[in-house]
1. What helices does the chain hold that run 18 Å or longer along their axis, going by alpha-carbon atoms, with a Kyte-Doolittle average of -0.5 or more, using DSSP H for the helix calls?
2. Roughly speaking, what % of Cα-Cα pairs in the stretch 206-259 are separated by over 12 Å, rounded to a whole number?
3. Can you give the FRET efficiency for Ile292 and Asp342, using 1/(1 + (r/R0)^6), R0 = 30 Å, r = Cβ-Cβ distance, to the nearest 0.05?
4. Go ahead and estimate [θ] at 222 nm for the chain from helices alone: -39,500 (n - 2.57) per DSSP H run with n ≥ 4, summed, over the residue count, rounded to 500.
5. How big is the chain by the Kirkwood estimate over distinct Cα pairs, in Å?
6. From the protein chains alone at 1.4 Å, what is the descending order of accessible area for Lys204, Lys306, Lys39, largest first?
7. Quick one: order Lys264, Lys180, Lys370, Lys115 from most to least accessible surface, probe 1.4 Å.
8. Once label points are set 7 Å from the Cα along Cα→Cβ at both Trp380 and Ala113, what is their separation, rounded to one decimal in nm?
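The values are calculated or read from the model by the stated rules, or taken from the named source; none is laboratory data. Just so it is clear, the structure is predicted and the values come from calculations on it, not from any experiment. So basically every Cβ, Gly included, is an ideal-geometry build from the backbone, and we count neighbours across all protein chains shown. Side chains are part of the model used for accessible areas, which takes the heavy atoms of the whole protein and leaves out ligands, DNA and RNA. Shrake-Rupley method; radii C 1.70, N 1.55, O 1.52, S 1.80 Å.
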Amino acid sequence: MRTIAILGSTGSIGTQTLDVVRANGDLKVAAISAGKNIKLLEAQIREFRPRLASVWEEEDAKKLRVAVADLDVKVVSGMGGLIEVAVCEEAEVLVTAIVGMIGIVPTMEAIRAGKHIALANKETLVTAGHLIMPLARKHDVKILPVDSEHSAIFQSLNGEDGRQIEKILLTASGGPFRGKDREFLKGVQPEHALKHPNWAMGQKITIDSATLVNKGLEVMEARWLFGTSLDQIQVVVQPQSIIHSMVQFTDGAVIAQLGTPDMKLPIQYALYYPRRRYLAGERLDFAAIGSITFENPDIETFLGLKYAFEAARTGGSMPTVFNAANERAVSKFLHRKIAFLDIYEIIRYCMDHHKTVENPDVIQILDTEKSVYEMIESRW
């Protein structure tokens with residue numbers, strides 16, 4: 001029996017993690033957390049019987065305590081609640097499916113408590129990779145990637161010497177607007193950007209896929225996860241989303257991980273690593289597929305990837321600026337307060353007006369996030 005805790009159990013990755021638990025008899029959920037969806041959280045508590053549950057607002061926690069008063073579950077709230085879930089004594093693995101930089105501190109506390117991390121929170125490594133990876137090494141904790149691309153690289157490296165990596169080939173679908181020009185993008189509305197051709201994901205990550213910001217964030221994560229330089233990471237558009245990523249080695253060999261676009265595969269791989277388990281679902285039919293195609297990303301139209309490389313090369317607090325500016329811009333776009341292309345303008349403006357802090361600590365990272373939000377609110 002392997003026992004897990006989940007930060008963000010009501011979101012896309014969190015609910016699919018519980019699908020994996022549901023399909024296997026030897027996974028137990030010790031603790032879960034959610035933001036505001038207490039109705040779904042209550043249903044999850046009743047089904048999976050965790051001993052600990054957390055929500056963000058104390059008012060919601062009070063309502064949930066009443067709703068589950070018949071069950072043996074402790075309900076907590078706020079950052080303290082997230083940390084309590086993260087360090088839950090019973091859990092061996094923490095699934096970080098929460099969105100945003102709010103996940104950094106609980107993840108670091110979980111590492112200090114010796115929990116292996118099934119990482120689905122991009123911001124953790126994007127903004128604090130220089131803190132997270134040394135901390136994980138110090139406490140002998142595994143960082144197990146849940147993102148399909150990073151899981152593919154992780155799987156391709158299984159049994160290989162990471163020092164022999166020549167290049168990481170990070171694949172991208174190209175999003176819903178692949179092949180479109182900036183003139184087309186001027187008229188894009190949220191409902192258009194939320195129609196991803198291959199993957200079913202949450203709203204934020206789907207918009208990030210449309211801008212190629214998501215791929216930029218994945219580049220930043222990959223450098224920390226696999227110990228490579230930015231020059232060793234190449235983004236390749238693979239529209240069918242069959243090849244999830246590849247590794248090229250120093251002898252020229254390329255190893256790739258292929259599969260259907262199903263997030264339950266990388267989730268299950270992380271939870272059971274180093275073992276594989278049967279996973280029900282569609283299988284690839286190569287004869288029916290016929291061909292797999294590749295393209296270079298259009299970084300002059302979809303500026304998210306271009307700006308991400310720039311932020312990563314600058315380093316320090318600049319990746320935090322990139323991430324925070326995008327996070328707030330996407331929220332404004334989803335609420336129809338700005339246009340699609342304004343997302344890039346906001347990121348550019350914030351990067352241009354930030355004085356980089358070298359090797360920021362957690363407080364400086366969170367202060368940078370706050371200052372970026374204030375900068376955006378004063379102008380947009």
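1. 122-138, 213-226, 318-334, 362-379
2. 72
3. 0.30
4. Working: 17 runs with 179 residues, N = 380.
Taken over the chain, the calculation gives -14000 deg cm²/dmol.
5. 21.2
6. Lys39, Lys306, Lys204
7. Working: Lys264 55, Lys180 80, Lys370 120, Lys115 15 Å².
The most accessible residue leads, giving Lys370, Lys180, Lys264, Lys115.
8. 3.6
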